[in-house]
Amino acid sequence: MTNLETAPSQEVCPAGHPGQGPCVQLWPSRDVPLGGVRNMTVSRTLPQRGLPTVGAWCFLDSFGPDRVAMGVLPHPHMGLQTVTWPLLGEVRHRDSVGSDVVVRPGQLNIMTAGRGISHSEFAVLPAGLHLNAPDGSALLPLSRGLQLWVALPDAVRHRTPSFQQIVDLPVVATDSFRATVLVGEFAGQRSPAIMYSPIVGADISASGAVELPLNPVFEHAVLVLDGSAVIEGQTVDPGPLAFLGTGRESLRLEATPGTRFMLLGGEPFEEDILMWWNFVGRTHEEVEKAREDWEAQALLGEDDARVARFGLINGHGPDAGAEAGRIPAPPMPGVQLKPRTRNRAGE
Ligand code: MN
């Protein structure tokens, strides 16, 4: 268990500007209970006070491996893309643009919320196994994965919502590493994922000394999933996010055998964003409006024209049994929400 908002262990970047120049900073993860009937705890490394984004990556949760059956009822998103990368287990995704797909390890789900979308996510369990079986928890398959969000730039954040599943991602294999390119371009291979800012995300397996080509304009970060990597003298184990700054043509690291890590990067995201619950906005008022629109769906009924913003999801109607219902928005805080700004001197 790590502490909330602990200061980074090392500061090599120019003071107050983590996006300028190369560095190695370890930002600790924090354990966050997601609540609900089947409580699930995730390890969250973005956002952090002082490091709200890496490129446009604005949210990074890692969960498992654990025998927890994900069951997330319909909930809304706005102003972001969700990037779902399962490492173990299968998840059924349904959303308000009509998608109903199972995502498996090696496959990628990207949901572009734009002005508003809603979705649900349920673990796919072996036939005959029911979540509410008295001893079901002991029988559940292991599940593990990453849930990431990407902030949409202002020019496109009100766009029509959409969904993309990619089952065949490009892979770069060399003598020293094997990389699956989730989004953007890495080592000459480009993912077909439709993204809205210069960005990269890759799942990389490596052993021994490795040199990875990088875009020097981007800032980068590494999240170790398995094994351990030494980057410029700092050992990076599973848990914290290693922020690497900008200005790197390549990254040299020394990986123990069987090391696996996520490489995330992008052009530093210069817009100040306001993140609250499942929304990425710019002002308190627009986030409040999104919350009201989601809550209106419960108050007005799903067929009222005024609830069209976040749409409907097939399979979650009143007859859906354990899958009926929705996640209500939490109350807004009593104070005005303020945008998360990049680390500045004096803060
Ligand atoms: Mn979601």
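The values are calculated or read from the model by the stated rules, or taken from the named source; none is laboratory data. Values in this document were obtained by computation on a predicted structure and should not be read as measured data. Every residue, glycine among them, receives a Cβ derived from its backbone with ideal geometry; neighbour counts consider all protein chains shown. Keep in mind that these areas ignore ligands, DNA and RNA; they rest on the heavy atoms of the full protein, side chains included. Shrake-Rupley method; radii C 1.70, N 1.55, O 1.52, S 1.80 Å.
Within region 71-91, the residues that satisfy the criterion of being away from the ligand (no atom under 13 Å from the Cβ) and farther than 19 Å from Ser162 by Cβ are Pro86, Leu87, Leu88, Gly89, Glu90. Looking for something farther than 16 Å from Met111 by Cβ and in contact (Cβ under 8 Å) with a residue 12 or more places away in the chain - is there at least one such residue anywhere in region 160-168? No. If you check Val172 against the conditions, is it closer than 25 Å to Ser250 by Cα and within 16 Å of the ligand (Cβ to nearest atom)? Here the answer is no, as Val172 does not meet what is asked. Ala229 falls short on exactly one of the conditions (1) touching a residue at least 40 places away in the same chain (Cβ under 8 Å); (2) out of contact with any helix residue (DSSP H, G or I) (no Cβ under 7 Å at 6 or more places or on another chain); (3) open to solvent by less than 10 Å² (accessible area, probe 1.4 Å), and that condition is (1).
Entry remark, region 244-259: residues being of a type in the set (Gly, Ala, Ser) and assigned to a loop (DSSP other than H, G, I, E, B) number 1 in total.
Thr235 falls short on exactly one of the conditions (1) closer than 24 Å to Leu80 by Cα; (2) free of Cβ contacts under 8 Å to residues at least 12 places away in the same chain, and that condition is (1). When Glu211, Glu219, Glu185 are checked against the criterion of being among the charged types (D, E, K, R) and crowded, with 18+ Cβ neighbours inside 10 Å, a single residue qualifies: Glu219. Against the numbered list (1) assigned to a strand (DSSP E or B); (2) exposed (fewer than 14 other Cβ atoms within 10 Å of the Cβ), Met262 comes up short only at (2). What is the number of the single condition among (1) of a type in the set (Gly, Ala, Ser); (2) touching a Ser or Thr at 6+ places or on another chain (Cβ under 8 Å); (3) open to solvent by less than 20 Å² (accessible area, probe 1.4 Å) that Ser191 does not meet? The failed condition is (2).
Inside region 92-117, can you point out the residues that are within 11 Å of the ligand (Cβ to nearest atom) and surrounded by fewer than 22 Cβ atoms within 10 Å (Cβ to Cβ)?
First, pick out the residues of region 92-117 that are within 11 Å of the ligand (Cβ to nearest atom): 93, 95, 109, 111, 113, 117.
Hit for region 92-117 is His93, nothing else.
If I filter region 134-154 for residues that are under 17 Å from the mean Cα position of the chain (by Cα), surrounded by fewer than 19 Cβ atoms within 10 Å (Cβ to Cβ) and at pLDDT 95 or above, do I get at least one hit? Scanning region 134-154 turns up at least one residue that is under 17 Å from the mean Cα position of the chain (by Cα), surrounded by fewer than 19 Cβ atoms within 10 Å (Cβ to Cβ) and at pLDDT 95 or above. Taking the condition of being over 18 Å from Thr112 (Cβ atoms), polar (S, T, N, Q) and open to solvent by 10 Å² or more (accessible area, probe 1.4 Å), how many residues in region 48-91 meet it? So the count comes out to 1.
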